[in-house]
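Structure first, commentary second.
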Amino acid sequence: MTAATLVCFALTSIESSRMFDLIRSLLVQHHDALESAAAIATVFALIVPLPIFVASSVLQRRAIARDRAYTLIEKLDSEEFLVLRNALLRLIAQEKLMPKTEYADLSPDDQNELRRFLNFNEWIGLHVNTSRIERDTFYRFYRSSFIKDWDVLKPTIDHLRAKAKNPNIYSEWERAVQNARKR
């Protein structure tokens with residue numbers, strides 16, 4: 001049995017307090033102390049940094065996703081998005097945006113505002129679905145508005161899908177809303 005095999009066996013089968021005694025005895029008793037030392041160093045070099053790297057990379061990814069969620073929430077509270085949302089609410093209040101309303105019947109400005117709002121929510125849905133942002137943080141702050149906007153605009157989106165003969169228009173937003181409803 002080689003020294004490397006003994007070291008691997010020792011690392012996997014002996015409790016940590018006795019492991020160092022075994023390693024010391026291997027180094028003393030074994031004829032090729034350099035081979036034993038090299039095997040031990042190799043095992044430790046492979047085993048010790050791996051869990052540390054995995055843990056730190058997981059924590060780092062979570063922190064980045066959380067930061068992205070807060071950045072997105074700040075964008076949702078920005079003046080630009082509030083103006084866009086108010087324009088959408090104005091369309092709804094004036095009954096310009098009804099289930100039977102043709103997209104082409106809207107004024108060009110109204111079309112642009114509606115399209116910008118829909119595209120922005122599709123972009124949010126894409127980020128939520130691909131886990132680029134922390135879902136729980138986003139849903140905690142914005143879940144009800146996200147779902148309500150979808151419910152209000154679903155007839156319009158269905159109309160756009162039928163007109164374009166493309167059932168995948170705004171599908172990321174739809175999938176994100178379905179996931180949000182489950183939470």
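Every read-out reported here was derived from the displayed coordinates using simple, explicitly stated rules and does not represent laboratory data. In this text, all values refer to a predicted model and were calculated from it rather than measured experimentally. Reconstructed Cβ throughout: ideal geometry from the backbone, glycine too, with neighbour counts over all protein chains shown.
A few remarks follow.
- Local net charge near residue 183, Cβ-Cβ under 10 Å (Lys/Arg +1, Asp/Glu -1): +4
- Relative packing of 151-163, 54-66, which averages over residues the other C-beta atoms within 10 Å, highest first: 151-163, 54-66
- Coordinate range along principal axes, alpha carbons of segment 63-182, Å, largest first: 45, 31, 20
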